[in-house]
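Report on the following structure.
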Amino acid sequence: MVDPAKNQLFYGDNLEVLRRHIKDESVDLCYIDPPFNSKRNYNQIYNNIGKEDQAQAQAFIDTWTWDDIANQGLAEIQENYLGHFTSQSIDLISGLAKVLGKGSLLAYLVSMTLRIAEIYRVLKPTGSFYLHCDPSASHYLKIITDAIFCPQGGDYKNDIIWKRQSAHSDATKKFCDIADIIFYYVKSSKTVFHPQYGEHDSNYVEKFYRHDDNDGRGRYRLSDMTSPNPRPNMMYEWMGYPYPSKGWRYQIETMQKLHDEGRIYYPRHSDGKFDTKKRPQLKRYLEEQEGSIITNIWTDIQSLTPHAAERLGYPTQKPESLLERVIKSSSKEGDVVLDAYCGCGTTVAVSQRLNRQWIGIDITYQSISLILKRLEDSFGKGVLDNILLNGIPKDMKSAEALALKSDDRTRKEFEKWAVLTYSNNRATINQKKGADKGIDGIAYFRSEKDDPEKIILQVKSGKVSSRDIRDLQGTITRESATLGIFITLQKPTKDMIKEAKEAGIYKSQYMNAPVDTIRIVTVQEIIEEQKRLDILLALEVLKSAEKQMEVKQGSLDFE
């Protein structure tokens, strides 16, 4: 099981991650800043891009086409796959398919519907959801989110308008777009909201905080001390002032305390005597006020300039102050914050700083790498020890990008992916720290002996030779294993193939045919040919049942 104190960083499709790894009702706050269907491609500005990063040089593509993935997504919604879709969301998407046709916009909306339904599932009953978008498709996203949240007891709370920039050149052709929209939803009426306060507006201060006794306490405003409702027990004379018709707001002991602290303003005549025809008023000092309460129009947070200190070169990076407001409003220390489109990791970094647990998901390796570096730069190398990094390459380029990284953490994730993918998640990962003694994974298969037989799995991402096969044969002997699997990113040499064949074959009554004692498998075969271990493993039925239970429960554990 996953250490509950560990933070989670997933490299992969967020829909797959949400469905397979995130438990029901396990997240306190989810913020997402997904692609906006802007029909643009975004490229990150890299300072040190190497060959291993070229596959990810394009940060993400915000263009959509109707393809097999969109068709499958539409079918999942209409067939209520896994029972995660409301009848309203099914009817809505079916209706939009008729109105919009099967094109880029519908493909985008289908993608978002699939993911918002999963986000609703993983939120706790007290959870909150913030969806950051722009006018490109916000009107569609609003009704999609309504159709998922509201029928199940959730509620729409706000449109938050974030003024991200000033007027620009397109103002001559239309009212220029200078704002993003953030939809705020809650999963139930149990959700707790923490109001936020900002600095007082200077015009407001000048208008209302006009008084200053020059005693070091600063500006103050005057506030009525009369009761808003009749209060007979508060009808007492004070300092020669008759009580108001409904009584004072405070008990006499409180009035005395305020008087002793110099907190009461007494109206006086020009000769200095009390003017008892007027009312005393309470002095409310500016420095004691929390500030102006934050409304749903945010004009005080500036977007990042090209030279901003926190800017990382990521094209759609949001300022940390924006995420800080969201996180403080809808979570407390120790709560779990999820960002399913974490990009360059602003949500992750702010959650770390504010002592929240966090889960980040992104589909590009460069984002994962950038987040790791950002966390290390901000909080020191030790912060990475508390992160579970999970990665699932989908093509050769992304596999190479993961395998060829210099960071041992990410390279180890490549080895895990290779072992688990080839074994259909049936092998056990070698979790030993330090030297792995040539073992990246172990699997067991049924044999004619009393005990199951062992298979050693080894993964290599660099240059390979026949010596690697001889080393694997030595490991098999040392570990009393029967078979060995050598997974290589590079194409095996003829000498390697010859060395493996010379290791002989293994026969068993439980196998359909003899198998090579040492089998060489390439990553390309795993990805492009979907090549998998075809040996019936011991306890396979039990392991399969455990896996089904894990998927059903939505465990966070990658392994």
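Every number in this text was worked out from the coordinates using simple rules, so none of it is lab data. Since this is a predicted model, take the numbers as computed values, not measurements. Every residue, glycine as well, gets a Cβ built from its backbone with ideal geometry; the counts of neighbours run over all protein chains shown.
Here are a few things to note about the model shown:
- Most simply put, the chain has about 55% antiparallel DSSP beta bridges, counting only bridges with both residues inside it.
- Under the criterion of Cα pairs below 8 Å and six or more residues apart, the relative contact order for the chain equals 17 percent.
- Counting only alpha carbon atoms, the long axis of helix 540-553 and the longest principal axis of the chain meet at about 20°.
- Summarising the overall dimensions of segment 437-499 from its C-alpha atoms, the Rg and Dmax are 12.4, 39 angstrom.
- Extension gain from residue 448 to residue 188, taking 0.36 nm per residue of separation minus the Cα-Cα distance: 87.9 nm
- Sites residue 284 and residue 150, calculated FRET efficiency, Cβ-Cβ separation with R0 41 Å, nearest 0.05: 0.55
- Relative to the compact-globule estimate of 2.2 N^0.38 Å, the Cα radius of gyration of segment 308-393 comes out at 1.02.
- Over the Cα atoms of segment 198-288, the radius of gyration divided by the Kirkwood radius equals 1.00; this is the Rg/Rh ratio.
- With a threshold of 23 Å on the Cα-Cα distance, the over-threshold entries among 507/531; 416/494; 6/157 are 416/494; 6/157.
- Histogrammed with a bin width of 20 Å, the alpha carbon distances of the chain distribute as 17, 40, 26, 11, 5, 1 percent, first bin at zero.
- Look at where the Cα atoms of segment 88-157 and of segment 185-252 average out, and the two centres are 43 Å apart.
- For segment 492-542: span of alpha carbons on each principal axis (Å, largest first): 37, 27, 15
- Check: the chain dipole with +1 on Lys, Arg Cβ and -1 on Asp, Glu Cβ, in debye: 640 debye
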